[in-house]
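> Below are the structure tokens for one structure; questions will follow.
What follows is calculated from the coordinates using simple rules that are stated; it is not laboratory data. Note that the coordinates shown come from a computational prediction; the quantities given were computed from them, not determined experimentally. Because the Cβ atoms are built from the backbone with ideal geometry, glycine has one as well, and the counts that use them run over all protein chains shown.
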Amino acid sequence: MSAPLVSVVIPHYRSPRSLALVLTALELQDHPMDRLEVVVADDGSPAAPEPGDRPYHVRVVRQEDLGFRGAAARNLGARATRGPVLLFLDQDTVPEPSYVRLMAAALTGSVLAVGHRRHADLDGWEPSQVRGWLAGTGEAPRELEEPRWLLDAYAGSDNLRAADDRSYRFVIGAVLGVTRELFDRVGGFEESFTRYGGEDWELANRCWIAGADLVHLPGAVAWHDGPDFAGRDWEHERVKYLESVAVAALITEPGARGRGLVWAQPDVVIRLHDEAWEAADAVACAQSLLRDTDAGVWLSSGRTLIEDPRVHAGQPAPEVLGRCRYQVDVRRPVHVRPGQVRQWCDVAPALAGEHVTVRRTRDLARGDGTATQVPGPQDLSGTSLESWWASDLAADSGR
């Protein structure tokens, strides 16, 4: 069986020396050169990079300099490629000769793979030195320390084979690979990220929710020029604060955003199938379900009854469904006690009584999950609003 066509995308900005090291390392891959294409995606450098003559096909695509747009550059590069396997390498990350082959071998089906990023001091290095080092005939650079937290995370998750909803934190855009089918299906990188960091976590989270498997490949090594970002004390803290805010808006897992705030993107999408309901039932049911839950409610009838940013008419948009972890369908007006929706989600997929279904979006994407029967809510269809409010007050007072 012939090797797959592998497309490598390298986002670039004003760093021709570092880019030359990466392009040289790609010449030394043990993957066939005629099955390798490289696209340098330039993020508005003053002068276009010159990749030079290479034994593989290489081209440069460019976008206007509108500030940092690494996510958009990666998408631009991906659109210019043809291979079923997409690898993203940063401009300062030098792959070992087996990197492309090992990554490509893991990328079959619906998979996102992370290589093993190590760290070295390549300051001032030239392509000839990289050739000698990677060929085993020259001096190796000074190795720098790897982040302990990341090594522990891979060891504790069996190299992401035992991934969970928080494992997006262990995906690194500098050494990321994905099948083109998965990349296109989730829509690529989120281009609203216009500062350093976060777009790799956000993509990984969407891929996970879409049913993808994650894997870390310890043998697929690429060397980052310089220490891990956490080791750059002079800029780390401020940048990570800004990254956390951007991530919280799009990643709904509580570790990313905490609890208590209302976000445009909810963790739980609740569809009320309210076409035959009384308006009062829809209002009171929505209030009950939204209490103490990071959720949004969609009224299938299309009615606009409530001036609350969490309540919407019609159906949730695909981009909303692509980021929520849970989906709840309610077919009769119900009343729930505080925290009950979260409890259902913790055991999803679940059937809560006769009228409520709770599913994980990831399970829906994979076709997995036999629903567990759990205690249902109280059916209050046709009950007066005064009775609804009385039920809420009783629940809040613990009676």
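> Determine the percent antiparallel among the DSSP beta bridges restricted to the chain, to the nearest 5.
That works out to approximately 35 percent antiparallel.
> Once the other residues with Cβ under 14 Å from the Cβ of P266 are scored (Lys, Arg +1; Asp, Glu -1), what is the net sum? Don't skip to the end; give the middle numbers.
Details: positive: R257, R259, R271, R291, R310, R323, R325, R342; negative: E253, D267, D292, D294, D308, E319.
So the surrounding residues net to +2.
> Here is a further query. If you rank E202, E64 by fewest surrounding Cβ atoms within 10 Å, what's the result?
On the way: E202 23, E64 8.
Listed from fewest to most nearby Cβ atoms, that is E64, E202.
> Looking at the calculated P(r) for the stretch 91-216, what percent of the C-alpha pair distances fall above 25 Å?
Numbers: 2499 of 7875 pairs.
Roughly 32 percent, rounded to a whole number.
> Would you order R325, R142, R17 from fewest to most other beta-carbon atoms within 10 Å of each residue's own beta-carbon?
Numbers: R325 22, R142 10, R17 15.
Fewest-to-most ranking of R325, R142, R17: R142, R17, R325.
> Continuing with the same structure: Please work out the Cα center distance from the stretch 313-340 to the stretch 353-377, rounded to the nearest Å.
After rounding, the separation between the Cα centres reads 12 Å.
> Calculate how many DSSP beta bridges within the stretch 268-396 are antiparallel, expressed in % of all such bridges and rounded to the nearest 5.
Details: 10 of 26 bridges.
Here the share of antiparallel DSSP bridges comes out near 40 percent.
> Count the net charge of all other residues whose Cβ sits under 14 Å from the Cβ of I172, scoring Lys and Arg as +1 and Asp and Glu as -1. The partial results should precede the final answer.
Working: positive: R74, R117, R118, R169; negative: D90, D92, E146, E199, D200, E202, D228, E243.
Local net charge: -4.
> If the chain between E50 and A313 were fully stretched, how many nm would it gain, using 0.36 nm times the residue separation less the Cα-Cα distance?
Working: separation 263, 0.36 × 263 = 94.68 nm, distance 5.18 nm.
That pair, E50 and A313, stretches by 89.5 nm at full extension.
> Taking neighbour counts of Cβ atoms within 10 Å as a proxy for exposure, in what order, fewest first, do Y99, Y154 appear? All intermediate terms of the calculation are to be shown ahead of the outcome.
Details: Y99 30, Y154 17.
Listing Y99, Y154 from fewest to most nearby Cβ atoms yields Y154, Y99.
> Hey, another quick one. Report the rotationally averaged projected area of the stretch 133-177 based on its alpha-carbon convex hull, in square nanometres. Before the final figure, lay out the partial values.
Working: hull surface 18.6 nm².
If I average the Cα hull's projected area over directions, I get 4.7 nm².
> Note the angle between two axes, namely the Cα long axis of helix 199-209 and the longest principal axis of the Cα atoms of the chain, as a number of degrees from 0 to 90, rounded to the nearest 10.
Tilt of helix 199-209: around 50 degrees.
> Using square roots of five times the C-alpha gyration tensor eigenvalues, list the equivalent-ellipsoid semi-axes of the stretch 268-396 in whole Å, biggest first. Can you show the working numbers first?
On the way: eigenvalues 101, 60, 31 Å².
With the √(5λ) rule applied to the stretch 268-396, the semi-axes are 22, 17, 13 Å.
> Multiply the residue separation of E191 and V347 by 0.36 nm, subtract the distance between their alpha-carbon atoms, and state the gained length in nm to one decimal.
Details: separation 156, 0.36 × 156 = 56.16 nm, distance 3.36 nm.
In short, 52.8 nm is gained.
> What residues of the stretch 4-48 lie in the reach of a label at R131, counting those whose backbone N is under 16 Å from a point 7 Å from the Cα along Cα→Cβ?
Counting backbone N atoms under 16 Å from the label point, the list is 20-29.
> Post the alpha-carbon centroid distance, the stretch 195-221 to the stretch 154-178, in whole angstrom.
If we compute the Cα centre of each part, the gap is 6 Å.
> If you average the alpha carbon positions of the stretch 70-146 and of the stretch 1-44, how far apart do those two centres end up, in angstrom?
8 Å
> So, R0 is 22 Å and r is the distance between the beta-carbons of F68 and E181; what FRET efficiency does that work out to, to 0.05?
That gives a FRET efficiency of 0.15.
> Along each of its three principal axes, how wide is the spread of alpha-carbon positions in the chain, in whole angstrom units, largest first?
82, 48, 37
> Just to confirm the number: angle between the C-alpha axis of helix 279-290 and the first principal axis of the chain, 0 to 90 degrees, nearest 10?
Tilt relative to the chain: about 50 degrees.
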